[in-house]
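The numbers here are math on the coordinates, done by the rules we state, and not lab data. Note that the structure is predicted; figures quoted are calculated from it, not measured. Cβ placement follows ideal geometry from the backbone for every residue including glycine, while neighbour counts extend to all protein chains displayed.
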Amino acid sequence: MNDIIIKNITRIVIPFAQAYGIFIILNGHISPGGGFAGGAIIGTSLILYTLVFGREKGKKKFSHKMSEIAESGGIMIFVLIGVIGIIMAGSFLANQSAGFPQGELGNILSGGFIPILMIAIGIKVASTMISLFNILIDEEKV
Amino acid sequence: MIIEQLPIINLLLFLFMALIIPLLKRKPFKITLILGFIVLILVFISSGYLLWYVNNVEIISYTFGGHETRFGIEFLVNPFSALFTTVISGLALIIYVYSSGDKTEGIEKKEFGRYYVLLFILLLSMFGILYTNDLFNTYVFIEILSITTCAIISIKKKKDTYTSAFRYVMMNEIGSLSYLFGVALIYMATGFTNITLVSESIQTAFSAYPFNIIIALGFMIIGLGIKAAIFPFHIWLPDAHSSAPSTSSAILSAIVIKVYLLVMVKVLYSVFGLDILVEMNIPIILLILSATAMILGSVFAIAQKDVKRMLGYSSVAQVGYILLGISLLSLAGLEAAFFHIISHGLMKTALFLSVGEIIFYKKTRKVNDFDGMGFIMPVAMGVFSIAALGMIGLPLTSGFISKLNLGIAVLENNYVIFLVVLILSSLLNVIYYLPIIILAFLRNEKYHYRMTTIEHTPKTMITPLIFLAILIVALGLFPNVIMPVIESAAKTLIP
Amino acid sequence: MVILNIVIIIFLITCALAIGKIKDLIGAVILFSAYSLVMSILWLILNTPDVAITEAAIGAGVTSILFFAVISKTKRYEK
Amino acid sequence: MKEIIDIIVENINYIGAIALFLIGLRIVVIHTNLIKRIMGLNIMGTGVFLFFVAIGNVTGGVVPIVDPESANVIYINPLPSVFILTGIVVVVSITVYSLSLVIRIYENYNTIDQKELSDLISEENNDH
Amino acid sequence: MKKTIANVLFLILFVILVIGILQMPTTASTNAPAYNDIVYHYINNGATDTNAVNLIAAILADYRAFDTLGETIVLFTSVVAVGSVLRSTKYDKEAKENE
């Protein structure tokens with residue numbers, strides 16, 4: 001797509017979209033939203049970038065290796081937190097009893113591991129969306 | 001303390017294995033295989049230990065996050081789930097050893113990594129389905145299971161696998177969404193998703209809102225019935241199972257359908273309870289369905305020229321047997337069904353794996369080409385024959401014991417007509433299994449001279465086959481070894 | 001609020017029926033996108049903003065893009 | 001007549017959910033175009049999710065974000081929302097997987113129509 | 001003809017289900033059976049239990065975090081499955097070239 005209007009508007013819109021996505025992820029435990037929604041918004045913005053600037057530039061922004069790391073990294077963080085729960089409190093994914101810092105009710109830094117989990121889910125969803133899209137558009141003929 | 005953690009540790013081991021395979025991409029594949037073998041052995045040992053523990057010490061109830069059972073998700077390890085996780089991990093171990101011969105039929109070498117990732121996630125989801133005591137959690141695991149099962153079919157990059165995988169995924173998704181609808185209706189009427197809590201309050205909910213429970217029951221039976229290939233919904237099964245790679249067919253036919261049937265057992269016996277089922281006349285409907293499946297599955301199997309399609313239709317008939325045991329709603333019937341789940345798992349695995357070896361070396365799937373195969377590939381064909389005889393229900397094999405148990409259970413309930421159906425279906429089994437054995441071993445003497453040339457297949461493919469044959473015969477000779485465990489598993493569902 | 005709810009439900013059902021009827025697949029995807037968007041409004045009415053955000057991002061955004069990607073690789077018109 | 005309308009209005013979300021579920025099911029079962037069938041699947045999914053939301057909704061309730069200062073507010077049931085959040089993502093995954101299968105089917109058979117597909121497959125089987 | 005029969009069947013199913021719905025506890029109020037002690041527990045103690053104000057996040061990531069783990073596994077599986085269908089030759093070639 002070689003339209004200058006689309007390109008410029010995309011350049012302007014994408015940072016806002018991504019900032020909004022990060023906001024939604026980080027505020028997941030105190031306002032509506034959370035990992036799924038924010039991750040999907042970030043993923044959509046990356047898809048938009050790939051659509052407008054072409055596959056090659058999109059690849060530079062978010063390479064295959066990076067998406068692979070992000071994909072298993074999301075689950076890894078999840079499992080790691082769960083295992084900390086097993087060690088500290090004797091049950092998988094224990095929050096308060098495992099001694100995660102709780103913070104003050106209503107702040108961003110509150111809720112024990114919930115923000116961390118939200119970030120993990122966000123990374124996972126965003127990377128899944130963009131890599132699914134990439135796989136779909138440049139599939140190889142057998 | 002550590003015993004309580006064992007179920008989740010099992011799941012985490014599978015997950016760890018699935019996540020670690022992509023990281024080992026640059027290392028030789030053997031390391032991955034050995035690591036996977038160690039994981040499977042560990043899981044087998046731990047689930048076996050859990051089986052001993054829950055039968056002799058106490059039932060384990062484990063809640064995530066340390067919340068009360070009401071508010072969180074509960075893992076319940078009772079004799080029922082412990083028994084079947086052990087059986088599944090054992091069968092998976094055998095299939096894994098067979099498939100690790102680096103000669104898996106139909107899968108390209110590049111796809112091995114992904115295949116094993118999918119295999120371990122498949123096992124994770126099945127363990128999760130059996131352990132969990134929460135209806136919605138079951139749905140999540142069912143979705144993981146359905147996507148992985150479709151993926152291990154379509155991983156064989158052939159033309160017809162894509163179409164059959166597409167049909168399978170559509171049917172699967174209709175099934176899952178129907179199940180989810182059932183869960184929604186139950187949640188609406190009772191306000192719980194935990195199975196124990198639902199079963200406590202479902203009687204009052206039934207008297208207050210009967211329509212709710214009836215529709216929920218209908219949706220759940222149809223949804224799980226599609227996935228378990230119960231008779232009118234079986235149309236996807238022969239395509240899917242015959243176009244899949246042989247190891248995948250073995251997993252699908254021997255384990256995955258059984259898991260859906262076990263979920264159905266859980267739903268029927270634990271969630272709804274016998275009183276509602278009897279009041280709704282559900283057993284009669286299920287009995288008729290199972291009888292039709294037993295007859296028609298075998299009749300369709302006779303007409304097939306392709307061996308794997310024939311085995312697929314045979315699975316339809318065998319699901320009928322298991323459903324017959326389940327829908328008798330008696331202790332004996334349930335025990336017979338459970339025994340048949342185990343013995344059919346062993347026999348179907350043996351059949352698919354031996355057929356897989358034959359297809360791999362001889363590149364033929366037609367029944368007629370099995371001419372004299374017994375002299376060319378004695379081990380594979382021998383195991384095939386033992387398993388086929390077990391399917392027919394010959395004494396000395398596990399199939400005989402399961403049919404005997406089923407017959408006794410049917411007679412206990414005074415359903416003589418179903419005994420006739422059982423015998424008729426066995427006779428139909430004879431019609432399609434026996435000719436293959438006769439063709440392979442007794443005809444065409446021109447192959448006799450090849451008796452000396454024994455097939456040079458890798459040991460990893462031969463050993464599991466022989467082991468399976470020994471297990472089938474051993475289970476036929478000494479069924480009482482595992483009977484106590486099955487009995488206690490059945491008693492957890494029928495108090 | 002109730003009237004808006006009813007109107008939205010009627011719109012959704014019409015949309016779903018139209019998706020079944022229309023022969024042009026691109027049109028069907030656009031209809032599907034509109035369907036998802038209106039669905040997210042309905043979920044806002046039903047007091048579940050979390051789901052509404054997710055549906056707007058995933059249902060109307062990602063799913064439609066994926067459908068478009070696949071249609072561009074296959075056929076546009078249904079017979 | 002007025003009573004009937006009242007009942008329908010009261011249960012409009014449930015009726016809509018059922019209708020969407022059945023329309024989706026009809027598209028999946030009857031349509032021959034594969035992409036349409038996947039869309040039907042998505043419609044089925046939203047039908048079920050709408051049912052869940054309708055269970056959780058409370059007239060005059062507010063979003064379940066606890067505000068310690070304001071008392072006497074009725075919160076809606078948060079549990080169904082959680083179920084749906086999980087469900088939406090699951091349906092998307094299934095959709096993408098089946099779309100990838102559609103691409104492969106089109107490459108191999110040059111059609112995405114179930115009827116033509118079955119004809120082609122049966123022709124191939126007869127050739128052998 | 002086939003389509004008409006199917007349409008009639010779906011219509012009958014719709015009518016049956018709607019009649020069924022009308023017998024159900026459909027009231028959108030706190031009297032519904034689904035609005036039980038569990039929900040009250042979440043509302044009254046959820047915030048102090050998990051220290052998250054948004055109860056949906058609290059349930060999603062704490063009470064029912066295992067569901068969410070399962071759901072991330074679904075996403076992971078879908079990537080692997082789609083990759084197994086669409087990405088084979090090219091991906092491996094690239095990997096080999098990079099080595």
Q. Using a simple charge model, +1 on the beta-carbon of Lys and Arg, -1 on the beta-carbon of Asp and Glu, nothing else, what dipole does the protein assembly as shown show about its Cα centre, in debye to the nearest 20?
A. 3060
Q) Within 10 Å of each Cβ of B:147-155, how many other protein chain Cβ atoms are there on average? A) 6
Q | Residue of E:Val85, E:Val39, E:Val53 that the Gaussian network model of chain E assigns the largest fluctuation, springs spanning Cα pairs under 10 Å | A | E:Val85
Q) If you place +1 on the Cβ of every Lys and Arg, -1 on the Cβ of every Asp and Glu, and leave all else neutral, what size is the dipole of the stretch A:4-137 about its Cα centre, to the nearest 20 Debye? A) 640
Q: Tell me which residues come under 5 Å, amide H to amide H, from D:Tyr75 once H is placed; ignore anything under 5 positions away on its chain.
A: D:Val62
Q: Starting from the Cα of B:Lys227, draw a straight line to each of the aspartates and glutamates and keep only those under 17 Å, dropping any in the same chain fewer than 8 residues away.
A: B:Glu143, B:Glu173, B:Asp239
Q. Short version: ³J(HN,Hα) in whole Hz for each residue of the stretch B:316-328, in order, from phi by Karplus 6.51 cos²θ - 1.76 cosθ + 1.60 (θ = phi - 60°), x for Gly and Pro, what are they?
A. 4, 5, 5, 4, x, 4, 5, 5, 4, x, 5, 7, 6
Q) With θ set to phi - 60° and the Karplus curve 6.51 cos²θ - 1.76 cosθ + 1.60, what are the ³J(HN,Hα) couplings of the stretch A:26-40 in order, to the nearest whole Hz, using x for Gly and Pro? A) 5, 8, x, 8, 10, 9, x, x, x, x, 4, 5, x, x, 5
Q.
Test of understanding: ordering E:Arg64, B:Arg70 by Cβ neighbours within 10 Å, fewest first, what list do you get?
A. B:Arg70, E:Arg64
Q | Cross-link reach list, lysines versus C:Lys79, counting only Cα pairs under 29 Å and skipping chain neighbours closer than eight places | A | A:Lys141, B:Lys157, B:Lys158, B:Lys159, C:Lys21, C:Lys23, D:Lys36, D:Lys115, E:Lys2, E:Lys3
**Q.** Ellipticity estimate at 222 nm from DSSP helix runs (n ≥ 4, -39,500 (n - 2.57)) divided over chain D, nearest 500
**A.** -26000 deg cm²/dmol
Q: Per residue of the stretch B:273-283, in order, report the coupling 6.51 cos²θ - 1.76 cosθ + 1.60 (Karplus, θ = phi - 60°) as ³J(HN,Hα) in whole Hz, putting x for Gly and Pro.
A: x, 5, 4, 5, 4, 5, 5, 7, 6, 4, x
Q) What aspartates and glutamates could a cross-link reach from B:Lys403, if we take a straight Cα to Cα line under 19 Å and drop same-chain neighbours fewer than 8 places away? A) B:Glu335, B:Glu412, B:Glu487
Q. Say R0 is 25 Å: what FRET efficiency, to the nearest 0.05, do E:Leu22 and C:Leu17 get from their beta-carbon distance?
A. 0.60
Q. Would you list B:Ser100, A:Ser63 from fewest to most Cβ contacts within 10 Å?
A. A:Ser63, B:Ser100
Q. Taking the Cα centre of the protein assembly as shown as the origin and placing charges on Cβ (Lys, Arg +1; Asp, Glu -1), which of A:Ile47, B:Val485, C:Leu37 is farthest toward the positive end of the dipole?
A. A:Ile47
Q. When the C-alpha atoms of the stretch A:4-137 are aligned to their principal axes, what extent does each axis show, in angstrom, from largest down?
A. 56, 30, 17
Q: Would you work out which of B:Phe400, E:Gln23, A:Ser31 lies farthest towards the positive end of the dipole of the protein assembly as shown? Charges go on Cβ: Lys and Arg +1, Asp and Glu -1.
A: B:Phe400
Q) Given H placed 1.01 Å from N in the peptide plane, which residues other than close sequence neighbours of A:Ser110 have an amide H under 5 Å from its amide H? A) none
(Q) With the crude spin-label approximation of a point 7 Å out along Cα→Cβ, what separation in nm comes out for B:Thr196 versus D:Glu124? (A) 5.2
Q) When only C-alpha pairs under 8 Å and at least 6 residues apart count, what is the relative contact order of the stretch B:107-158, in percent? A) 51
Q | Residue among D:Ile105, D:Val66, D:Phe49 farthest towards the positive dipole end of chain D, charges placed on Cβ | A | D:Val66
Q | Number of partner chain Cβ atoms within 10 Å, mean per residue of D:24-36 | A | 6
Q: Just report the Cα centroid separation between the stretch B:267-316 and the stretch D:11-27, whole Å.
A: 30
Q) For the stretch D:16-85, what's the relative contact order in percent, using C-alpha pairs closer than 8 Å and at least 6 residues apart? A) 29
Q: Please say if the stretch E:18-76 is rounded, prolate or oblate, where rounded means a/c under 1.5 for a ≥ b ≥ c the square roots of the C-alpha gyration tensor eigenvalues, and otherwise the choice is prolate for a/b larger than b/c and oblate otherwise?
A: oblate
(Q) If you average the C-alpha positions of the stretch B:354-433 and of the stretch D:87-128 separately, how far apart do those two centres end up, in angstrom? (A) 34
Q. Packing-wise, with mean Cβ within 10 Å as the measure, how do B:183-196, A:10-23 rank, highest first?
A. B:183-196, A:10-23
Q) Relative contact order (percent) for the stretch C:2-73, with alpha-carbon contacts under 8 angstrom and 6 or more residues of separation? A) 31
**Q.** Protection proxy ranking, peptides B:320-327, D:4-11, average beta carbon neighbours within 10 Å, highest first
**A.** B:320-327, D:4-11
Q: Please arrange B:Val271, D:Val63 by counting, for each residue, the other beta carbons lying within 10 Å of its beta carbon, fewest first.
A: D:Val63, B:Val271
